[in-house]
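Values quoted throughout were computed directly from the atomic coordinates according to the rules given, and no laboratory measurement underlies them. On a predicted model such as this, the values are computed, not experimentally measured, just so you know. Here the Cβ is made from the backbone with ideal geometry for all residues, glycine too, and neighbour counts use every protein chain on show.
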Amino acid sequence: MALTHGLKIDKSIDQKSKERFASSLRGYVLNDLATEMRADFERNLAAKDSNLSLLDGTAVHKAMKQRPKFQLYSSLRCAAQELVWHTVIDSINSNAGHIQECGKELIGNGSDSLGSLMLDETLESPDYYSAVDVHLMPGNYQGKNDTGILPGAVYDNGFNVFAFGAMGTDLDDIGCSMANFVRLKFPELKPKVIVDVGCTIGHNTLPWKQVFPEANVSGIDMAGACLKYAHARAESLGIQVDFLQQNSSHLSFADNSVDVVFSSMFLHELPKPYIKQFLAEAHRVLKPGGIMLHMELPPNSALTPYDSFYLDWDSYYNNEPFYKGFRDQDYNKLCSEAGFAPSSFFQSVMPRYTYVPEEDFKAVISTEAEFNEDTGRLSNDIQWYGFGSQKL
Amino acid sequence: MEQEVGRSVKGGRASFFNNHEVDQLLAMLMRVTSEHWALKERVLAVEALLVQQNILLPDSLDNYVAADEEQTRLDLESVNLIRSVLEASQNIDSKKRQP
């Protein structure tokens, strides 16, 4: 699925071929090889586990490590991940001047922009933030050196190849799904202020403005390079969003001033103390009746030991050091420790909004969350998981 | 401001096979396969364009038979390619390890 916004680049036939190959390789690994690896586990480990030692994801991981299927799956998955970035960086570097110029033109001097960009050059990143390149993505979200908005372009184009078409037009399906979840699940809520924390390039921030056009929508991130790109990207699509460079532990919003605090695939990239600080901040800034919603990977407690192992693969091998630690948490407890009433906790497993009729989407979110092997697992049948709480 | 994004990954990546060189070979093989695929798509695109523009008949490539002299040269080139690929490992001594 090609990107459609104003920062998209014209790629050569070779670059497009290589991107399609990287997507196909990832699709093969995550669908075909993953199915073979699960069958190997069930046939050769689970069926023979007479003393029921495979109690959790950690035990399954330990048992799988020497299985040739696991080794092939994992080695190819890493190779595919590296290929995604390698291929995309080729395209970005050969179009670097064009991307920077487009960005400058779209950002302009701010006077005729729909939204705004507020960077804080004094913001200091915590140590964890630059310890590793998350997702094996060279330069991480900020870039190793000053390369302008190119880190945003790497993430945008790389994520598009990485997701092999499973994330919607301009990668916005998570945002579309979550915004429509709030619209349909909380019809009485008429949000005026919506904040997306950890927004990177704003791909999942923009749908909130489309679903709630009367609201002021802001995207928050620590990576200035991604925020600049996000602002230019939003302007090119004609969607009014304000982007602010802030730390999720210290939001600039006043107490009781926000209707929706949202994040997507963000909490699992934070160490536990930072998760707690962010959730406490969310509780502080929300108005009574406001909603906190996080699109995330499902908790390990809701999954089978094999599915826990499968999703935690990223924590061990995809430079996601906090991923498993987050997924081992009780999400309701995390919310209640931040000040939310345990009775206000909600969670939902939902289909992708832009891939199904709204009636089907509505029917699923009106039922209890049902977890299965496709919950949060990037595959052709992925289902999103969201949890959160309403401030009383 | 620099105009090129680097490629090194802070934190590196894991290896999975008992001999990590298998992981390295697999990664190289995928990189080569990606290049091979790009070349194949390009050739297919060229063929399709030539057919669309009536420069080439649809089956003319599949029905193409090289002249004897041309085929001899191609056969020799293919053997040279095989030699070149296999010779890449000739200096590797499996008993000689890094100190």
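Data for the structure
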read-out	value
Mean ellipticity per residue at 222 nm, deg cm²/dmol - from DSSP H runs of n ≥ 4 across the protein assembly as shown, formula -39500 (n - 2.57)	-14000 deg cm²/dmol
Furthest towards positive pole of dipole, B:Q24, B:L86, B:V51, structure part the range B:20-87, Cβ charges	B:Q24
Ratio Rg/Rh, restricted to the range A:17-78 and using Cα atoms, in which Rh is the Kirkwood radius	1.09
DSSP bridge orientation in the protein assembly as shown - percent antiparallel, rounded to nearest 5	35 percent
Per-residue Cβ neighbour rank within 10 angstrom, fewest leading, A:I9, A:I201	A:I9, A:I201
Inter-centroid distance (Cα atoms) of the range A:317-336 relative to the range A:213-259, Å	25 Å
Check: the range B:20-87 dipole with +1 on Lys, Arg Cβ and -1 on Asp, Glu Cβ, in debye	240 debye
Gaussian network model of chain A, springs between alpha carbon atoms under 10 Å - residue of A:S53, A:S91, A:S264 with greatest fluctuation	A:S53
Centre separation in Å (Cα based) which lies between the range A:1-57 and the range A:341-372	25 Å
Most positive-pole-ward Cα, B:T33, B:M1, B:V65, against dipole of chain B from beta carbon charges	B:M1
Value of Rg to Rh for chain B (Rh from inverse mean 1/r over Cα pairs, i.e. Kirkwood)	1.13
Debye intensity ratio in log₁₀ form over the Cα atoms of the protein assembly as shown, taken at each q of 0.11 Å⁻¹	-0.98
The range B:24-99 and the range A:67-99: distance between their alpha carbon centers, rounded to Å	22 Å
Measure of compaction for the range A:41-152 (Cα Rg per 2.2 N^0.38 Å)	1.69
Size of charge dipole - the range A:1-122 - debye, nearest 20, with Cβ of Lys, Arg +1 and Asp, Glu -1, no other charges	740 debye
The range A:58-146: GluC sites (Glu not before Pro) in DSSP coil with no more than 15 other Cβ atoms inside 10 Å	A:E121, A:E124
Principal axis box of the range A:149-203, alpha-carbon based, largest edge first, Å	40, 23, 13
For chain A: relative contact order, % (alpha-carbon pairs under 8 angstrom, 6 or more apart)	18 percent
Dipole magnitude (debye, nearest 20) for the protein assembly as shown, charges at Cβ of Lys, Arg, Asp, Glu	1100 debye
